[in-house]
Structures are given as C-alpha cells and as structure tokens.
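Read through the structure below, which is laid out as structure tokens, and then see the notes.
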Amino acid sequence: MGEIIKIKELRRTFQMGNEEIHALKGISFGISEGEFVSIMGSSGGGKSTLLNILGCLDRPTSGEYYIDGISISKRTRAELATLRNRKIGFIFQSYNLLARTTALENVELPLLYNNTLSSKERKERAMHALSQVGLQDRMEHMPNQLSGGQQQRVAIARALVNDPVILLADEATGNLDTRTSYEIMSLFQKLNLKGKTIAFVTHEPDIATFTNRIIQLRDGHIIKDTEVEPKLASEMLVGLPQNEDY
Ligand SMILES: Nc1ncnc2c1ncn2[C@@H]1O[C@H](COP(=O)(O)OP(=O)(O)O)[C@@H](O)[C@H]1O
Ligand SMILES: [Mg+2]
C-alpha cells in the first residue's frame, strides 16, 4: 500500500500582533492508500489548520509534507494550486457551491483547469460523479433548489470529479441533521470501500466512529492515534425517521 500523505514535524505558527499562536506544534503521521481517517479534537485544537495544510490551501511554518510522494516545500503558489487540483478533493462544511450555477456545472468546475478534456468529456465525467453520489436526477438543479444534504453531495461529486488521491473534508456534516449526517457518512463509507482514501475532520465523537482510524489533536499535538472497527452508517439509519433531506 502506498503512502498518500506523509507529514514530519509539521508546525504552523500564526502571528497576531505581538503574539504568536502555535496552532500545530510539530506533528508527524502518515496516511496509506485506502484508509478512512478522522481527525478529532475540541475547538481550537488545530484541526482546520492541519487540514488546510494537507489540502495545500496553506503552508506549514516548518516541517515536511509529501502528498503522493511529492514534497510541497519549495513549490510556487501556482505549482501548489496545480497539485491541489490534481491530487486533492476538498469538502467544506458550508458546501461552497456557486449560486445560480447548476449542480452539473458546479461539478465540472475543477475540470476547466484541465485543457486536455473536451467539453463533452467534462460533462460525462461530471455526470458520472453526480451519479456516484446519487444525484443523477438533480443535475440541472441550482444549489438553492437542493436540500443541505443534496448540496453537500454536489460538493462531494465536485471533489471526486478529478479522481483525487485523497478526499479531505472539514466538518462536512457540521450543518446537517443527524439522519442526513449518517447518510453522508454512509456515502463516504461506500466511496472508501471502492478504494478512495479519505481524511475527515470532526469534533463529533459520534461521526468519528464511522471511520477506521481516529487521530486525536489537542493544543496542536497528537495525543492519540488508534485504529478502530468502524460502525456501519447504513445500519445506524435503520429506524431513524425519514426526512425529505435526501
Ligand atoms: N488565520 C489564523 N490567524 C490566527 N490564528 C489562527 C488562524 N487560524 C487558526 N488560528 C488559531 O489556531 C488555533 C487552531 O485553530 P483551528 O485549526 O481552526 O482549530 P479547530 O479547527 O480544531 O477548531 C486556534 O487557536 C486559532 O485561533
Ligand atoms: Mg475547525
């Protein structure tokens, strides 16, 4: 199994006026192909800071980061953006979809940077990604015509469309009710079973039980890193009342 992510002694310090905030204080771990990892911890522990670095949205103050064997240090901003577009699918708590733009067009967006694809191929790949998340009937809907759970599915399809080496999600279920959260976790479990490597940030212990490994962050340090037997999200759905948010 290849190592998709490798970090060594990663630190991130923010300067706030005269004060230095040490959000990450030298953390190291690896994530192998096929893993489904949750990064847990209370608010302010450094989860988002870490995920933003893993997603090439931010750089460490010091330490090493390799994604799919490629070191990110000494890369220009443009190179980082390309790396991010090719290697990473990022999912935000707030979906970050473009308004007044159909689900299909939202999912096609990451492919616009790839000029080897024809518009027909772009459309086919976006349609395939939307059907992977169960939204084949909602391709022409605008975000405001979709429920929260459906909007998050569009965001997951957009993250999948480039076939990234890893999906990174920051509190992806944070705006969703319990049932919809379990549905989204069930979708992540299906994608993971098909081989997709996933790292997921959450502050909810309940959500972390659906992943195979839990990394616990506190005050910028890893305090625990354990493999666990995941619960099946689809089983948790049995008996929960239906809602229209699917
Ligand atoms: N851009 C920033 N500027 C200054 N401080 C920041 C910035 N981002 C995060 N921090 C600080 O770093 C620490 C970790 O924050 P964060 O990674 O957002 O934690 P979490 O996602 O676990 O809640 C906090 O003390 C936070 O205030
Ligand atoms: Mg956060």
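The values are calculated or read from the model by the stated rules, or taken from the named source; none is laboratory data. As the structure is a prediction and not an experimental result, all values here were calculated from the model. Because the Cβ atoms are built from the backbone with ideal geometry, glycine has one as well, and the counts that use them run over all protein chains shown. Only protein heavy atoms, including side chains, enter the accessible area calculation; ligands, DNA and RNA are left aside. Shrake-Rupley method; radii C 1.70, N 1.55, O 1.52, S 1.80 Å.
Listing for the model above:
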{"read-out": "Enumerated strands (runs of 3 or more DSSP E) restricted to segment 156-221, each holding at least 1 residues that are more than 25 Å from H128 (Cα to Cα) and open to solvent by less than 10 Å² (accessible area, probe 1.4 Å)", "value": "198-202, 213-218"}
{"read-out": "Residue among E229, E235 that is open to solvent by 70 Å² or more (accessible area, probe 1.4 Å) and not in a loop (DSSP other than H, G, I, E, B)", "value": "E235"}
{"read-out": "Pick from segment 19-33, criterion more than 13 Å from ligand 1 (Cβ to nearest atom) and not acidic (D, E), ranking: most open to solvent (accessible area, probe 1.4 Å)", "value": "S28"}
{"read-out": "Hits in segment 132-155 (condition: in a helix (DSSP H, G or I) and either under 30 Å from M40 (Cα atoms) or acidic (D, E) (or both))", "value": "Q132, P143, G148, G149, Q150, Q151, Q152, R153, V154, A155"}
{"read-out": "Options L117, L112; residue that is outside any helix (DSSP H, G or I) and over 24 Å from K190 (Cα atoms)", "value": "L117"}
{"read-out": "One residue from E20, E33 being farther than 25 Å from G195 by Cβ and away from ligand 2 (no atom under 13 Å from the Cβ)", "value": "E20"}
{"read-out": "Residue check for R122: charged (D, E, K, R), modelled with pLDDT of 95 or more, over 21 Å from the mean Cα position of the chain (by Cα) and surrounded by 14 or more Cβ atoms within 10 Å (Cβ to Cβ)", "value": "yes"}
{"read-out": "Filter pass, L10 being open to solvent by 30 Å² or more (accessible area, probe 1.4 Å), away from ligand 2 (no atom under 11 Å from the Cβ), on the phi < 0 side of the Ramachandran plot and of a type outside the set (D, E)", "value": "no"}
{"read-out": "Qualifying positions in segment 39-84 - among the acidic types (D, E), free of Cβ contacts under 8 Å to residues at least 60 places away in the same chain and away from ligand 1 (no atom under 12 Å from the Cβ)", "value": "E64, E79"}
{"read-out": "Test for I70: is it open to solvent by 20 Å² or more (accessible area, probe 1.4 Å), in contact with a helix residue (DSSP H, G or I) (Cβ under 9 Å, 6 or more places away or on another chain), among the β-branched types (V, I, T) and more than 16 Å from ligand 2 (Cβ to nearest atom)", "value": "yes"}
{"read-out": "Verdict on F36 being under 30 Å from P205 (Cα atoms) and either within 15 Å of ligand 1 (Cβ to nearest atom) or over 17 Å from the mean Cα position of the chain (by Cα) (or both)", "value": "no"}
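Conditions tested, residue by residue: (1) open to solvent by 30 Å² or more (accessible area, probe 1.4 Å); (2) within 16 Å of ligand 2 (Cβ to nearest atom); (3) at positive phi; (4) not in a strand (DSSP E or B).
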residue	(1), (2), (3), (4)
L51	no, yes, no, yes
R59	yes, no, no, yes
A78	yes, no, no, yes
R86	yes, no, no, yes
Y95	no, yes, yes, yes
L98	yes, no, no, yes
E105	yes, no, no, yes
